[in-house]
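The values are calculated or read from the model by the stated rules, or taken from the named source; none is laboratory data. Fair warning: this is a prediction, and the values are worked out from it, not measured in the lab. Cβ placement follows ideal geometry from the backbone for every residue including glycine, while neighbour counts extend to all protein chains displayed.
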Amino acid sequence: MSKLVFIGTGYVGLVTGTCFADLGNTVTCLDISPERISKLKEGIMPIYEPGLEQMVINNSKAGRLSFTTSYQEALDGAEFVFIAVGTPSGVDGEADLQYVRAVAESIADVVNDPIIVINKSTVPVGTGDWVADIIKKRRAGKPLDFSVVSNPEFLREGSAIADFMQPDRVVLGSTDREAANKVAKLYLTLRCPILITDLRTAEMIKYASNAFLATKVSFINEIANICEEMGADIREVALGMGYDKRIGHHFLDAGLGWGGSCFPKDVKALAHMAVLHGTHPQLLQAVMDINRNQRRKVIFTLRRALGNLNDKVIGILGISFKPNTDDIREAPALEVIHLLQNEGAIIRAYDPQAMPNAREVLKQVTLCENPYETAEGADALVLATEWNEFKQLDFERIYQLMRQPVIMDGRNLWEPDRLRCMGFKYFGIGRGINNHCD
Ligand code: UDX
């Protein structure tokens, strides 16, 4: 097996490094945060990802997985080094590559043996060449034998381990085919399709994939908005569409739209690249506009249901950008809360996993311990994230707890008829106008 190094212990680096250790490789994960590294050494995770904690503990105990803040220690004898640091959005929507640059320079400063540098972070098309150029210039006096390979990740938060262990495909790009073949060997045991292409094409596959998935979600949200006016039920529409193998059932769930650390950043970055290269990304712009408007639907709906929102108490169920993660970056709930507070609403909120992160950013919000406390005295209850634990709530109890029985189901998690029959004013996303009670 090989010695791998991962620079960056976030959602991508820590998960991928740990999974590679689980496959039998010797893996060192490096981070510049001493606190994060010391916690990892104690088996304390910096992120919530189902199954990760146990896998980290098992592989650390087996001696396959270690953590350090020292580039020297990490890179000593390494054959592969993965760059897995953040590439946040800059002011103009471009990908901020300062962390990638810092890692490339640190690698150049300490490595003397042949090494393959692998870009795991989502980086703009052309970054592979840029990383190679940084290393070359940094080692002008003492040339280094290295190659750069692009290896974009397709992990979804909340199912990242499964997505690594059963990938639909592995994508590799490089000007050095032999280096790409060596990286491909690391994935052979996963027995999945491995596409080897050039650097720019591999980088574009990542952006195009995420942008397509975001487009699919914005598409179904647009259809949902039309359904709302025409009395069709988007859940059934999506079901009927999805049987067509060319469409498929995935990513056709209408709701408050997409958030997270990837779709918003990647769609913006791709549109930015397009504009900088003289093309006009009208579709990507529309995809982003539709997504932003989905959050605003909550305000329009609650104004219709409650009138003026000033001093109204609104309970928010779910803060993370999607279930099974504690990640609240670009979460629809955050924007909905911000918009509601702008109208003078008083917010109560609860999330099964994201409360520690929410506490850091939410101001003037009553953070609750459970859904029922969130509903207490509320004039409306908004579901922002479709956590499993919200599926079977005791709505009799919710009804008693609320001041007004208004439900805004932002993820179409519940059945309109059932709630309407209980006396709730139910609002979903494109759920048609059937108001009958069985
Ligand atoms: C995404 C890509 O799926 C993954 O391949 C890439 O590596 C990283 O970005 P992630 O952002 O973790 O993964 O979550 P994903 O499950 O793709 O959902 C993205 C957003 O779309 C979430 O906010 C989710 O709520 C929303 N979504 C997804 C919908 O609104 N409707 C859907 O049908 C599916």
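For the reader, a short list of remarks on this structure follows.
- Lone qualifier among A238, A274 - being under 27 Å from A354 (Cβ atoms), of a type in the set (A, V, I, L, M) and in the same structural domain as Y350 (by TED's automatic domain parsing): A238
- Residue within region 149-159 that is under 25 Å from the mean Cα position of the chain (by Cα), loosely packed, with under 13 Cβ neighbours inside 10 Å and under 22 Å from V56 (Cα atoms) present: no
- Which listed residue is in contact with a Ser or Thr (Cβ under 9 Å, 6 or more places away or on another chain) and at positive phi, from G158, G128, G93, G86: G158
- All helices (runs of 4 or more DSSP H) inside region 327-409 with 2 or more residues being crowded, with 22+ Cβ neighbours inside 10 Å: 332-342, 371-375
- Residue identified as surrounded by fewer than 17 Cβ atoms within 10 Å (Cβ to Cβ) and within 16 Å of the ligand (Cβ to nearest atom) among D113, D133, D168: D168
- Total residues in region 363-417, condition among the acidic types (D, E) and within 17 Å of I314 (Cβ to Cβ): 4
- If you go through region 7-41 and keep only what is among the aromatic types (F, W, Y) and within 16 Å of the ligand (Cβ to nearest atom), you end up with just Y11.
- Residues (among the acidic types (D, E) and touching a Pro at 6+ places or on another chain (Cβ under 8 Å)) located in region 99-146: D145
- Scan of region 239-298 for residues that are of a type in the set (K, R) and away from the ligand (no atom under 15 Å from the Cβ), ordered by number: K245, R246, R296
- Test: residue in region 214-227 that is without any contact (Cβ under 8 Å) to a residue 60 or more places away in the chain, more than 11 Å from the ligand (Cβ to nearest atom) and of a type outside the set (A, V, I, L, M): no
- Check on I205, out of contact with any helix residue (DSSP H, G or I) (no Cβ under 8 Å at 6 or more places or on another chain) and not assigned by TED's automatic domain parsing to the domain that holds S320: yes
- Test for N210: is it more than 14 Å from the ligand (Cβ to nearest atom) and either crowded, with 16+ Cβ neighbours inside 10 Å or not in a strand (DSSP E or B) (or both): no
- Here is the figure for region 287-302: residues that are free of Cβ contacts under 8 Å to residues at least 12 places away in the same chain and more than 22 Å from the chain's Cα centre (by Cα) total 1.
- Test: residue in region 194-201 that is in contact with a helix residue (DSSP H, G or I) (Cβ under 7 Å, 6 or more places away or on another chain), outside any loop (DSSP other than H, G, I, E, B), within 28 Å of V15 (Cα to Cα) and touching a residue at least 60 places away in the same chain (Cβ under 8 Å): yes
- Scope region 265-318; condition under 21 Å from L339 (Cα atoms) and assigned to a loop (DSSP other than H, G, I, E, B); matching residues: G307, N308, L309, N310, D311, K312, G318
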